[in-house]
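The values are calculated or read from the model by the stated rules, or taken from the named source; none is laboratory data. Just so it is clear, the structure is predicted and the values come from calculations on it, not from any experiment. Glycine gets a Cβ as well: all are built from the backbone with ideal geometry, and neighbour counts include every protein chain shown.
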Amino acid sequence: MASIRFIMLGGFLGAGKTTTIARLAKAYQDRGLKVGIVTNDQAADLVDTHLLRSQGFDVGEVAGACFCCKFNDLTDTMGQLEADQRPDVVLAEPVGSCTDLVATVMKPIMDLYGEKFDVAPYGVLLKPSHGRRILSGDPNAGFSPKAAYIFKKQLEEADFVVINRMDELSAEEADELARLIESEKPGTPLLRTSARTGQGFDALLEMLDQRGAFGRNILEIDYDIYAEGEAELGWLNAQVHVASHAEFSLDALLTEILNQLRDSLDMAGAETAHLKAIGLWEGYHGVANLVSRQSPVMLSLASDCRTRTADVVLNARVATSPEMLQEHVQEAVQAACAKFGATGEIAHVQCFRPGRPTPTHRYSAAGN
């Protein structure tokens with residue numbers, strides 16, 4: 001029986017992993033291959049899962065902690081995908097604040113499930129907006145050294161690095177990032193892509209097809225710094241039901257919610273790691289994103305929908321306390337809805353700081 005190709009793509013919050021995975025999934029389907037996807041979050045109700053399922057992909061979700069701490073849930077989810085639709089390829093998207101994934105996910109899969117899964121080289125997507133500031137040592141990078149530590153460790157364990165969002169960069173900015181990455185991790189293969197436009201995806205697919213001595217970059221990592229860096233982020237997942245007597249643009253509402261959040265968080269001096277909102281109504285769906293407080297809100301997927309009701313799922317990862325983050329979200333939702341003559345009822349919310357990572361398995365060296 002042929003083994004299933006396992007592809008995991010890491011990268012910091014807002015690096016563009018979900019858009020990359022969706023484009024890869026379509027590319028593999030165009031080759032005639034069956035594709036399964038596994039998303040991952042510290043809490044349930046992930047925008048990424050809703051988005052990928054709305055595009056017709058077969059998606060399992062591992063919620064409650066990162067893949068490393070929920071390793072058995074990851075393998076069970078992949079097993080369910082296998083039982084439901086024998087995929088040729090499984091694409092896995094880990095939590096964007098996680099690292100040490102070679103030692104805690106890739107190596108255990110190779111060792112314990114090597115007959116079932118053929119593991120691809122581990123790629124990490126670089127987020128330009130924070131990457132440039134963190135790697136250049138900018139004191140206004142937006143995150144503390146402990147959070148920046150996670151960012152750098154993600155690059156350190158990569159088999160290859162991808163500068164994503166090339167459509168948002170000038171040639172000079174992309175070259176500067178390449179120099180910073182080379183300085184941080186000399187000799188690492190480097191790709192330049194845009195998940196939005198498809199630029200560079202032939203090279204990415206070629207890299208992911210490679211076989212060889214990959215998944216060998218076992219980190220020396222301080223879990224105290226790692227845990228404290230993750231815990232600096234407030235984490236919020238919320239469901240909002242929006243209703244109005246008059247029709248409103250779903251895309252405009254999503255954009256307005258994130259604009260309200262961006263402005264209020266910026267006023268409070270809270271750095272945004274990633275904000276995502278998906279709006280859903282009777283088969284229509286739109287998605288808006290914000291990847292840093294210095295970036296504009298982007299409508300990454302337009303619904304082109306006008307409606308009187310909608311459900312909005314909001315994910316926020318911000319360097320502030322969970323309590324303050326929840327206040328900002330509540331105020332932003334109400335202010336945005338009021339602009340459209342609508343009301344927004346927050347039906348469910350989870351808000352917290354991530355707990356200390358406790359991996360199910362951890363390999364201390366490439367060979368054990």
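The residues listed here are Q334, Q260; of these, the one that is in contact (Cβ under 8 Å) with a residue 60 or more places away in the chain, among the polar types (S, T, N, Q), outside any strand (DSSP E or B) and not assigned by TED's automatic domain parsing to the domain that holds G131 is Q260.
Matching residues to (1) farther than 30 Å from S144 by Cβ; (2) surrounded by 15 or more Cβ atoms within 10 Å (Cβ to Cβ):
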position: R317; (1), (2): no, yes
position: L325; (1), (2): no, yes
position: Q330; (1), (2): no, yes
position: V333; (1), (2): no, yes
position: G341; (1), (2): yes, no
position: A347; (1), (2): yes, no
position: C351; (1), (2): no, yes
position: P354; (1), (2): no, yes
position: S364; (1), (2): no, no
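Of all residues in segment 278-304, those satisfying the criterion of being hydroxyl-bearing (S, T, Y) and either under 14 Å from D263 (Cα atoms) or not assigned by TED's automatic domain parsing to the domain that holds L314 (or both) are S292, S295. State all residues of segment 176-195 that are free of Cβ contacts under 8 Å to residues at least 12 places away in the same chain and surrounded by 13 or more Cβ atoms within 10 Å (Cβ to Cβ); if no residue qualifies, say none. Passing the criteria: only E182. Residue-level analysis places L81 outside the set of residues that are crowded, with 24+ Cβ neighbours inside 10 Å, aliphatic (A, V, I, L, M), modelled with pLDDT under 95 and over 19 Å from R211 (Cβ atoms). For segment 158-175, taking the residues that are of a type outside the set (A, V, I, L, M, F, W, C) and in contact (Cβ under 8 Å) with a residue 12 or more places away in the chain, the one that is surrounded by the fewest Cβ atoms within 10 Å (Cβ to Cβ) is identified as D167. Of everything listed in (1) within 27 Å of A227 (Cα to Cα); (2) at pLDDT 95 or above; (3) not hydroxyl-bearing (S, T, Y), the single unmet condition for G355 is (2).
Every listed requirement among (1) assigned to a helix (DSSP H, G or I); (2) closer than 27 Å to A319 by Cβ; (3) of a type outside the set (S, T, Y) is met by E172 save one, (2).
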